[in-house]
Number of protein chains: 4
Amino acid sequence: MSTHRLLISCPDAHGLVAKVSQFIFEHQCNIKAAHHHLDEVNKRFFMRIEIQSNAFSRPIKDFKANFSMIADSYQMIWQLNDASVSKRILIMGSKSSHCVADLLHRGHESELAGNIVGVLSNHHKLAKLASWYDVPFKQVTIGVHTKLADMAKMTQAVIDFKPDVVVLARYMQIIPEALCQHFEGQIINIHHSFLPSFVGANPYQRAADRGVKLIGATCHYVTSHLDEGPIIEQEVVRVNHANSADDMKKMGQDVEKITLAKGLQYHLQDRVLICHNKTVVFN
Amino acid sequence: MSTHRLLISCPDAHGLVAKVSQFIFEHQCNIKAAHHHLDEVNKRFFMRIEIQSNAFSRPIKDFKANFSMIADSYQMIWQLNDASVSKRILIMGSKSSHCVADLLHRGHESELAGNIVGVLSNHHKLAKLASWYDVPFKQVTIGVHTKLADMAKMTQAVIDFKPDVVVLARYMQIIPEALCQHFEGQIINIHHSFLPSFVGANPYQRAADRGVKLIGATCHYVTSHLDEGPIIEQEVVRVNHANSADDMKKMGQDVEKITLAKGLQYHLQDRVLICHNKTVVFN
Amino acid sequence: MSTHRLLISCPDAHGLVAKVSQFIFEHQCNIKAAHHHLDEVNKRFFMRIEIQSNAFSRPIKDFKANFSMIADSYQMIWQLNDASVSKRILIMGSKSSHCVADLLHRGHESELAGNIVGVLSNHHKLAKLASWYDVPFKQVTIGVHTKLADMAKMTQAVIDFKPDVVVLARYMQIIPEALCQHFEGQIINIHHSFLPSFVGANPYQRAADRGVKLIGATCHYVTSHLDEGPIIEQEVVRVNHANSADDMKKMGQDVEKITLAKGLQYHLQDRVLICHNKTVVFN
Amino acid sequence: MSTHRLLISCPDAHGLVAKVSQFIFEHQCNIKAAHHHLDEVNKRFFMRIEIQSNAFSRPIKDFKANFSMIADSYQMIWQLNDASVSKRILIMGSKSSHCVADLLHRGHESELAGNIVGVLSNHHKLAKLASWYDVPFKQVTIGVHTKLADMAKMTQAVIDFKPDVVVLARYMQIIPEALCQHFEGQIINIHHSFLPSFVGANPYQRAADRGVKLIGATCHYVTSHLDEGPIIEQEVVRVNHANSADDMKKMGQDVEKITLAKGLQYHLQDRVLICHNKTVVFN
């Protein structure tokens, strides 16, 4: 028995679910789970279907070829992913290790629906951690005066890892627009605030200055607009007047790592579809 | 345009979704939203489909008649509810007013997907509140030595209200088994603890004695086993050493009323299916 | 036995706690509870002490007179409040009733550490609700072209109620600066977003547009800077892609009313001290 | 400048705070932070005071000697801990690595107010992880038929590590009563349920069977009564019908590690006092 995940996004139309489920049935496959969502504002329909097939099913190649005809007629954006094929994860980090260590440990314990293929950093600090977990480490320093060239090197390094998903685990550098566009919907960032509060730098200090009673973290896709990409997951934790900005930073680290791991896992399991600047998360 | 909600529970079978969605399509109806769940332990499939039909659709009577044939062949337990028909809600309370007042206010503001048709209580205290909201109030006192006869009167009173759903809003009396069975899956209780912690009486006192750091409330269907029916919704709130049992009672009241309102709303919107002693909540 | 609450804010100094607690001891009073906080950024010290005294204690008038000498020498801002004296609460509302109804019910059930003396509104809608709870209702319409004069009338109406605390329970009008200043630290607002996200109008629509995964509410003191006053309490609730702006508004109402009631109660119990634009909440 | 933490528990008495704060003042020390709690049920008073002293202060030895006289007269249980002296942490684990890895990483990043001196396990699996973090690893296998002798070896191993606190990071073996008593109030366990729900084995399976909507974890001191010791911290996470017992186990692991780390940190910072079977946590 093999499992595939069919993801569909298309303009709303009459009989969509019937058409797709009938198609799956006719190809001797079974629907194990299905999620639908109609975005009433944009009149777009979203579907995620887990399809089970066995040796007696018609080959998945046929399935794909045949389905593309339906897809075209409904103007679908779609993908069919084999659940047994691990996505290649590239982690990009800087000096902070809490998110990177947490992801590496999850990878090592086979908890991620993907395979960490490398850690790329502008600092050397994470090298030892990566080597502990037998994950290739690559450093590309980003200099103040050599930023353009360094970013090009970094971009090449990303490409060389052939990632299916790039995780910015507190990378702290702004990603070049070309890279954002090339890996559109495939770069995931953790921002250390509850967006849209405290976009940009030093969110914990600003949270402390503002006297908020909850701080948070936001896992989102990266676009060329800083901290404004589609949000996948958010979480908060309670703070009080006795917590300094530094306390908040420490408390926030737990929220960051949990939120990033959760958002990444949704992505790896093909649970996230993007609709303009928002996400549909079928969980 | 009218909306119906089709709820299905049946043994898992090949082609179920295709069959049902094809049927809906053939009856010129549209699927507005759909949720599926396969209980892998019990090999049962659950579906909730919001169906939109218009004046040109074939009459819903035909739909029902034709669908019953499919339903039979798949051994479905099913219902088709017209979303425009308000469910009749009977609230049963005692002396505590927080849940009753909250529900009455929601009813008054048309926030509930149902219509509160009465308040039934063993005490007089809630009479004024009910009259404020123009909701019929009925008192059936439950005496210590006349319990059997009083419970029979109460049971008759419940039946007279012709409720679709009975809400025990801190009613504090054990419901007779016959009544539980007659309204199976239609009586909703709010228990003032995070079940299965603190089943039975005085949960806040026992929570304070145990020194827990979170207290909670549980909204569940009533069965003849006290506090053991299928759970619909649960919520918690943080407490600390400075909170007495009495503080916890006050803090818990907010959790109780929110959790009850949430669980009731899910029920009213036909989002809850029961599977043995558990619920599937499509929200 | 009577209970007083001593609130102190002053520049940090050596021996403060010893001085104050020695003073209390010498006046034959007992410390029932005490909270301290040192704001390390502003080098300010905050204290809240619950003091128990009995018939044999020296009169509280003496206590006050004598304490003012210590207070002066340490440049203290301080107050000594008799816990048995209820604060006078004025609720200001508009068309939304969820917060007002919730507060009125809490007042009616004696759950608030204060006494609701009136409901003031620019619309008539809340009149019936107030009369149900036997609370005086006053309407001051705010016209588009008569705003200045109407605001003056409203200001007079507020003053006439002689409130100790004014609660903006979704009042939806900007409070004149003079009123803000006159009742500095005594006007509490509930903003229907997780500040500093979505300052200003239509936060639920903007939250839906941004695709956030949590929405919230913020209870804060009102200053002349819109939605920027010291935050007392914040709370959030999870939302997802299926929730429209209208759903969020409904879900948010529960968060608003709970958060407002919690923040107000802290204020009524003298648990909140203001430090620049932040609060110290001793709870 | 050095910081000490004075922890006091004693029968409630008149003038306690005055006496203690006056004493601190007279010893030329300053109160940086203070927390009080009166347990009204047990009429016991609890205090935690952070004391700052400098080179000009009278030696801490004098402080201790003099304070013991006050302490005796008030029947205090007390301790005075130098904040600069790291507590020795012994981690005991088994096969699950999530909590152990999380603690080791926090230790490595100097986030814990203590020093991890060893990992003790009945299995070999954690050896590599410990060696990565340069922490001594010791294995004491617990055989089914040699349990008594093996437990004695394990007990000796614990003693040999000279721990100030023993952390059962999913150790999965019942600790001998003698060890519990010897290290009373110094052994911290993480139980993978929201106690008192699901005491004992397989809590995730039982949570799934019961159909709860929230699962949790409990960090508590170990006593000879299984899962019934004083609770330090609890946390929950939302689950739904689609989550299997295995999903819950994975989701719960994040809650376990965060809750354990939080509870341990409170202990390391001398924020926890025990009162019968409950804790006072000054945070």
Criterion first (among the acidic types (Asp, Glu) and farther than 22 Å from B:His241 by Cβ) does D:Glu177 satisfy it? yes
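Looking at A:Leu129, is it over 30 Å from A:Leu6 (Cβ atoms), at pLDDT below 95, touching a Ser or Thr at 6+ places or on another chain (Cβ under 7 Å) and of a type outside the set (Val, Ile, Thr)? Before you say what the answer is, go through the steps one by one.
Numbers: over 30 Å from A:Leu6 (Cβ atoms): yes; at pLDDT below 95: yes; touching a Ser or Thr at 6+ places or on another chain (Cβ under 7 Å): yes; of a type outside the set (Val, Ile, Thr): yes.
When the stated conditions are applied, A:Leu129 passes them.
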Those residues of the stretch D:100-120 which are of a type in the set (Asp, Glu) and open to solvent by 50 Å² or more (accessible area, probe 1.4 Å), in sequence order: D:Glu109
Any chance A:Gln181 is within 16 Å of the chain's Cα centre (by Cα) and open to solvent by 20 Å² or more (accessible area, probe 1.4 Å): yes
May I ask you to list pairs of residues, at least six apart or on different chains, whose Cβ atoms are under 6 Å apart, with the first in the stretch C:111-136 being without any contact (Cβ under 8 Å) to a residue 40 or more places away in the chain and within 14 Å of chain B (Cβ to nearest Cβ) and the second being assigned to a loop (DSSP other than H, G, I, E, B) and basic (Lys, Arg)? C:Lys125/C:Lys95
Extreme residue, farthest from A:His98 (Cα to Cα), among residues of the stretch A:122-151 that are open to solvent by 70 Å² or more (accessible area, probe 1.4 Å) and in contact with a His (Cβ under 9 Å, 6 or more places away or on another chain): A:Thr141
Go through the stretch A:152-200 residue by residue and tally those that are among the aliphatic types (A, V, I, L, M), more than 14 Å from every other protein chain (Cβ to nearest Cβ) and in contact with a Ser or Thr (Cβ under 8 Å, 6 or more places away or on another chain). 3
Among the residues of the stretch A:258-283, write down those that are surrounded by fewer than 23 Cβ atoms within 10 Å (Cβ to Cβ) and out of contact with any helix residue (DSSP H, G or I) (no Cβ under 9 Å at 6 or more places or on another chain). A:Tyr266, A:Leu268, A:Gln269, A:Asp270, A:Ile274, A:Cys275, A:His276
With the structure loaded, tell me whether C:Arg48 is in contact with a Gly (Cβ under 8 Å, 6 or more places away or on another chain) and charged (D, E, K, R) or whether it fails that test. no
Scan (1) modelled with pLDDT under 95; (2) buried (at least 19 other Cβ atoms within 10 Å of the Cβ) for the single condition C:His225 breaks and write down its number. (2)
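Do you know which of the residues in the stretch A:248-257 that are touching a residue at least 12 places away in the same chain (Cβ under 8 Å) and among the basic types (Lys, Arg) is surrounded by the most Cβ atoms within 10 Å (Cβ to Cβ)?
Just the residues of the stretch A:248-257 that are touching a residue at least 12 places away in the same chain (Cβ under 8 Å), to begin with: A:248-249, A:251-257.
Going one step further and asking which of them are among the basic types (Lys, Arg), we end up with A:249, A:257.
On the way: A:Lys249: 20, A:Lys257: 27.
Selected residue: A:Lys257.
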With (1) modelled with pLDDT of 95 or more; (2) assigned by TED's automatic domain parsing to the domain that holds D:Glu26; (3) in contact with a strand residue (DSSP E or B) (Cβ under 7 Å, 6 or more places away or on another chain); (4) not aliphatic (A, V, I, L, M) as the list, and D:Gly107 as the residue in question, which single condition is left unmet? (2)
Hey, D:Gly216 open to solvent by 10 Å² or more (accessible area, probe 1.4 Å), in contact (Cβ under 8 Å) with a residue 12 or more places away in the chain and within 21 Å of the chain's Cα centre (by Cα) or not: no
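From the residues in the stretch C:1-59 that are aromatic (Phe, Trp, Tyr) and open to solvent by 50 Å² or more (accessible area, probe 1.4 Å), which one is nearest to the other protein chains (Cβ to nearest Cβ)?
First pass over the stretch C:1-59, keeping only residues aromatic (Phe, Trp, Tyr): C:23, C:25, C:45-46, C:56.
Pick out the ones that are also open to solvent by 50 Å² or more (accessible area, probe 1.4 Å) and you get C:25, C:56.
Working: C:Phe25: 4, C:Phe56: 12 Å.
So the residue we want is C:Phe25.
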What is the one condition in (1) more than 14 Å from chain C (Cβ to nearest Cβ); (2) in contact with a strand residue (DSSP E or B) (Cβ under 7 Å, 6 or more places away or on another chain); (3) hydrophobic (A, V, I, L, M, F, W, C) that A:Ala149 does not satisfy? (2)
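Can you confirm whether D:Tyr204 is among the aromatic types (Phe, Trp, Tyr), more than 9 Å from chain B (Cβ to nearest Cβ) and without any contact (Cβ under 8 Å) to a residue 60 or more places away in the chain?
Details: among the aromatic types (Phe, Trp, Tyr): yes; more than 9 Å from chain B (Cβ to nearest Cβ): yes; without any contact (Cβ under 8 Å) to a residue 60 or more places away in the chain: yes.
Spelling it out, D:Tyr204 is indeed among the aromatic types (Phe, Trp, Tyr), more than 9 Å from chain B (Cβ to nearest Cβ) and without any contact (Cβ under 8 Å) to a residue 60 or more places away in the chain.
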Odd one out for A:Asp102, checked against (1) part of a helix (DSSP H, G or I); (2) out of contact with any Lys or Arg (no Cβ under 7 Å at 6 or more places or on another chain): (2)
Any residue that is over 30 Å from B:His98 (Cα atoms), within 14 Å of the chain's Cα centre (by Cα), more than 9 Å from every other protein chain (Cβ to nearest Cβ) and not polar (S, T, N, Q) - is there at least one of those in the stretch C:228-245? yes
Matching residues in the stretch B:195-213 (buried (at least 18 other Cβ atoms within 10 Å of the Cβ) and among the polar types (S, T, N, Q)) number 1
At pLDDT below 90 and closer than 22 Å to B:Phe282 by Cα, is that true of A:Asn30? yes
Would you please name the residue that is surrounded by the most Cβ atoms within 10 Å (Cβ to Cβ), looking only at residues in the stretch B:64-99 that are part of a strand (DSSP E or B) and among the basic types (Lys, Arg)? B:Lys87
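The values are calculated or read from the model by the stated rules, or taken from the named source; none is laboratory data. These numbers come from a predicted model, not from an experiment. All Cβ positions, glycine included, derive from the backbone under ideal geometry; neighbour counts span all protein chains shown. Only protein heavy atoms, including side chains, enter the accessible area calculation; ligands, DNA and RNA are left aside. Shrake-Rupley method; radii C 1.70, N 1.55, O 1.52, S 1.80 Å.
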